[in-house]
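Q: Please find one structure pasted underneath; my questions will follow.
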Amino acid sequence: MDCFEPIRRINSRGGCAPHLSIRFDSHLFSIDTSRSPKSCIQPDAYLITHAHSDHFGRSAMLSPKAIASVETARALEIRYGRRYAGRTFAVGESIMVDGVEVRTHPTGHTIGSTAFSWKTETGESILVTGDVKDYSSLPHCDFLVAEANYGDPYDPSCVFEDDLAGFFEALESGASFGAYAFGKAQRAVALMRAMGYRDEIGMDEQSLILTRELMKDAAGPLTEVNGGGTNVVTPWNLSHVRSQNKYFLTGRRDTSYPTIQLSDHLDFRGLMRMIEHISPEEVLVYHPEGKRASMMAYHLKQCGMQTTSLDLIEKFFR
């Protein structure tokens, strides 16, 4: 499509800055990328989909041009100890950026995670998903910029289902759980409450702060590690908990603890269903860099879709 183009910024070391920007009409939106030095071309906005470090909000949050949900901005402040300098919105609201109406959509990946969509002057629609667990609120678009964390159709680890039954059985046995402080820890607490667990949950410092701040009353009673009936702590702190049974909530298999499959991402089948739901004319796979994004793009081409991936972008700016 000629009405917009994906481009990448060349950094001071001669390599590419993370992720990408989209140039359309007279605008430039940077997507999940680090902040541009003052000497570089500046975007109209840094759209931050969520607060995980591989989406570079730690850098972009320092710009007044940053745009993120209220929850994402607060999570960035807690995680990195810096003041968020940009604008915020409630997920589902629209926000105006230099005359462009940018709509926001929940993705279920983390609390406050957001997809962004907008239209060009000639009416073509653009949707940037960020990481996705629930695509049901994502709209149709002409040009889709999508993640592919589990996008390799030839990798068996990219096809999975969450083991909610296993998680419930472990919870009933009094087990404690290893979960990353932002995202997975809050999902674990939400699942525990949904499964009827009402006692205090012990958490390590950052997990506790993030969960209290982002979940508010929905988190139920929380306390410090070993202060409750069970614990949800970062994986490297599992050795400090007194529970006899300990599990790492992850899809990984290279851990010293038994694992329970619990992902905050769609698997390959879910990604394909998401693309069918959105029904775009063209797809760009932008995250993560490397094999999985490229393999997802290749598979979509084989399915007859006009597709590219981040590594194949040919336009650059400084």
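Q: Go through region 136-236 and name the GluC sites (Glu not before Pro) that are in a DSSP coil and have 10 or fewer other Cβ atoms within 10 Å of their Cβ.
A: Within region 136-236, the qualifying GluC sites (Glu not before Pro) (loop, at most 10 other Cβ atoms within 10 Å) are Glu161.
Q: On full extension of the chain, what length is gained from Glu205 through Glu281, given 0.36 nm per residue of separation minus the C-alpha to C-alpha distance?
A: Here the segment from Glu205 to Glu281 would lengthen by 22.8 nm.
Q: So, in nm, how far is label Cys303 from label Lys291 when the simple model puts each one 7 Å beyond its Cα toward the Cβ?
A: Computed distance between label sites Cys303 and Lys291 equals 2.1 nm.
Q: Whole Å is fine, so just give me how far the alpha carbon centre of region 27-74 lies from that of region 154-176.
A: So the two Cα centres are separated by 34 Å.
Q: Using the crude model of +1 on Lys and Arg Cβ and -1 on Asp and Glu Cβ, and no other charge, please compute the dipole size for region 73-216 relative to its Cα centre, in debye to 20.
A: Rounded to the nearest 20 debye, it is 680 debye.
Q: Calculate, for His240 and Ala190, the FRET efficiency according to 1/(1 + (r/R0)^6) with r their C-beta to C-beta distance and R0 35 Å; round to the nearest 0.05.
A: With R0 = 35 Å, the Cβ-Cβ based efficiency is 0.90.
Q: Treating the beta-carbon of each Lys and Arg as +1 and of each Asp and Glu as -1, no other charges, what is the dipole magnitude of the chain about its Cα centre, to the nearest 20 debye?
A: 1000
Q: Let me ask something else. Can you list the GluC sites (Glu not before Pro) in region 28-112 that are in a DSSP coil and have 13 or fewer other beta carbons within 10 angstrom?
A: On the way: sites: Glu71, Glu77, Glu93, Glu101; in loops: Glu93.
Of the GluC sites (Glu not before Pro), the ones in loops of region 28-112 whose Cβ has at most 13 other Cβ atoms within 10 Å are Glu93.
Q: Could you work out which residue, out of Met96, Met274, Met61, moves most in a Gaussian network model of the chain, that is, has the largest mean-square fluctuation with Cα springs under 10 Å?
A: Sorting by GNM fluctuation, first place goes to Met96.
Q: 5 Å is the cut-off here: which amide hydrogens, built 1.01 Å from N in the peptide plane, fall below it relative to Val97, excluding neighbours closer than 5 in sequence?
A: Val102
Q: Mind checking which aspartates and glutamates have their C-alpha under 13 Å from Lys291, skipping anything on the same chain fewer than 8 residues away?
A: Within the straight-line limit of under 13 Å, Lys291 reaches these aspartates and glutamates: Glu147, Asp152, Asp155, Asp311.
Q: Taking the Cβ of Ile67 as the centre, find all other residues whose Cβ is under 14 Å away and add up their charges (Lys, Arg: +1; Asp, Glu: -1).
A: Cβ neighbours under 14 Å give a net charge of -2.
Q: Given the Cα atoms of region 168-273, and with Rh set as the inverse mean 1/r over their pairs in the Kirkwood sense, what is Rg to Rh to two decimals?
A: That ratio equals 0.96.
Q: Toward the positive end of the charge dipole of region 186-303, about the Cα centre and with charges on Cβ (Lys, Arg +1; Asp, Glu -1), which of Leu271, Leu238, Ser256 goes farthest?
A: Looking along the dipole axis, the top candidate is Ser256.
Q: Roughly how big is region 161-260's charge dipole about its Cα centre, with Cβ charges of +1 (Lys, Arg) and -1 (Asp, Glu), in debye to the nearest 20?
A: Dipole magnitude for region 161-260 comes out near 80 debye.
Q: Using +1 at the C-beta of Lys and Arg and -1 at the C-beta of Asp and Glu, which of Leu310, Val189, Cys16 has the Cα lying farthest in the positive direction of the dipole of the chain?
A: With unit charges placed on the Cβ atoms, the residue in question is Cys16.
Q: Taking the Cβ-Cβ separation of Gln42 and Arg269 as r and a Förster radius of 45 Å, what is the calculated FRET efficiency to the nearest 0.05?
A: E(calc), rounded to 0.05, equals 0.70.
Q: Right, another one. Please identify, among Asp162, Asp254, Asp264, the residue showing maximal mean-square fluctuation in a Gaussian network model of the chain using a 10 angstrom Cα cutoff.
A: Asp254
Q: Further, regarding this structure: DSSP loop (so not H, G, I, E, B), at most 15 other Cβ within 10 Å: list which trypsin sites (Lys or Arg not before Pro) in region 170-276 pass both filters.
A: Hits after loop and neighbour filter: Arg198, Arg242, Arg252, Arg253.
Q: I'd like the FRET efficiency for Glu213 and Ser137, computed as 1/(1 + (r/R0)^6) with the beta carbon distance as r and R0 of 30 Å, rounded to 0.05.
A: For Glu213 and Ser137, the calculated efficiency is 0.80.
Q: Ok, one more. Taking 31 Å as the cut-off for C-alpha to C-alpha distance, list the pairs among Lys119/Lys184; Lys38/Lys301; Lys65/Lys133 that go past it.
A: Violating the 31 Å limit, Cα to Cα: Lys119/Lys184; Lys38/Lys301.
All of the numbers you see were taken from the coordinates with simple rules; none came from a lab. Bear in mind that the values here come from a model prediction, so they are computed numbers and not experimental data. As a convention, Cβ positions derive from the backbone with ideal geometry for all residues, glycine included, and neighbour counts pool all protein chains shown.
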